[in-house]
Structure formats: C-alpha cells, structure tokens
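The values are calculated or read from the model by the stated rules, or taken from the named source; none is laboratory data. Source: prediction; values computed, not measured. Glycine gets a Cβ as well: all are built from the backbone with ideal geometry, and neighbour counts include every protein chain shown.
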Amino acid sequence: MYVEGSELSSALDLASHEGFFSIELSKHFASVQGLEIRPESLEAARLITRTLGISNVTYEKADLTKTEIDDRWTSDFVLVYGLLYHLENPVQVIRLASQLARKHILIETQIFPYDISGRLEDGNYRWQREVQGVFSLSVDYAARREGGSTDIALVPSLNALVFLLKNFGFNRIEVLPSADDDYEQFQRGARVVVYGQK
C-alpha cells in the first residue's frame, strides 16, 4: 500500500522474536534482516525460516538498547512491532530505528492512553518549554520471552511517539485506523499502528 517497489527493497525487523513478521516481510521485500536479543528466539526463527525454505531472511543477535548503528542494518523499511512498551529507553530505540530507515517505518505499540500537552517551567516561571507528550513508568518482565531486557519500561503516549518520529526525520506520519474486527486494544486506542515516511 505505501511501499512502492518493495520487491526490490530491503526490510529490517527489530525484535524479530521467532521470525513471524520477518517471514511475512520476505513475501514483499527482496531481503529481510531480523534483529533479536534472545538466543532461543533466534534459534527458533532460523529453524522455522529454513524449514519453510525461505532464503531472503537473515537473523542476527542484537541488544537494541546498547547497540550502535551498523550500516549493514540500514534498510528501506523498518518494522518495530510490539517492542517499544517493553523498553527502559524507547527514545533511543525510536532514534535508532529512524536512523536505520531509509524511507519507511511502521511501529505497532501499546501506548499510554493520555495525550498530555502544555508548558513546563525551564528554570524560571517566565521561561517555559512545550510538553510534546509523556511516558508512563511501568514494570516489565525481563525474565519472560515477551518482555524487554530490563524490568522497567517507559510507555509513550501517542503524541510523544508522533513528535519523536517528526523530530527524527519523518515528514509523513499516519496513525492507521483500526477495523471493526481488530483486536479490542486497537479499537480502544490503547494500541496503535503508526506509519512514517521520509
């Protein structure tokens, strides 16, 4: 729908788990890289991908909260699915994903359900800065496969996420509408899919 010429393009799947979305992306992109922190998930992803006979997907171990930009990961399309609400520093990972995306980004995430804006004092009541969104401080579960790498997570509000994408170079940003038969979190706006294009 948005990615024209994807059959000649590359895709990057951040936090690829057992490879479900990497495999789906392989049907639309010439090459796909999946990055994952958990060795057992990488092993499962490689096994599933190999069993299905898919040859245009590779997987690599990476801790997105500690990694530096690796030019090998730069791709036309970056998928960040179900990751942000498990991170202690989601701003760093959104920045990383934005730098790795040549043209397109797609983020699926739970969000803090309140868009808060206003002004914040900056050392004196006469000097103020705009509030562009907020993050909730929540407990996460690093010991579980679905959790992040720490037991603390900052979950962004929608306006915080949109602000960051604009700030990191995306000039077209669209919050995709939910359908009547979508999962209830999408229908209530507790979970969103956001598309960005440079």
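Residues of the stretch 177-198 that are surrounded by 11 or more Cβ atoms within 10 Å (Cβ to Cβ) and among the aliphatic types (A, V, I, L, M): A190, V192, V193, V194. Does the stretch 171-186 contain at least one residue that is small (G, A, S), over 17 Å from L83 (Cβ atoms) and free of Cβ contacts under 8 Å to residues at least 40 places away in the same chain? Yes: the stretch 171-186 contains one or more residues that are small (G, A, S), over 17 Å from L83 (Cβ atoms) and free of Cβ contacts under 8 Å to residues at least 40 places away in the same chain.
Restricting attention to the stretch 62-80, which residues are part of a strand (DSSP E or B) and in contact with a Leu (Cβ under 6 Å, 6 or more places away or on another chain)? The answer is S75, V78, L79, V80. Taking the stretch 124-179 as the region of interest, the strands (runs of 3 or more DSSP E) fully inside it that hold 1 or more residues being of a type in the set (D, E, K, R) and in contact with a Phe, Trp or Tyr (Cβ under 7 Å, 6 or more places away or on another chain) are 172-175. Of all residues in the stretch 81-118, those satisfying the criterion of being part of a strand (DSSP E or B), over 10 Å from the mean Cα position of the chain (by Cα) and at pLDDT 95 or above are A101, R102, K103, H104, Q110, F112.
Looking across the stretch 139-163, just one residue is hydroxyl-bearing (S, T, Y) and at pLDDT 95 or above, and that is S157. The residues of the stretch 139-162 that are surrounded by 14 or more Cβ atoms within 10 Å (Cβ to Cβ) and closer than 17 Å to R191 by Cα, listed by number, are D140, G147, A153, L154, V155, P156, S157, L158, N159, A160, L161, V162.
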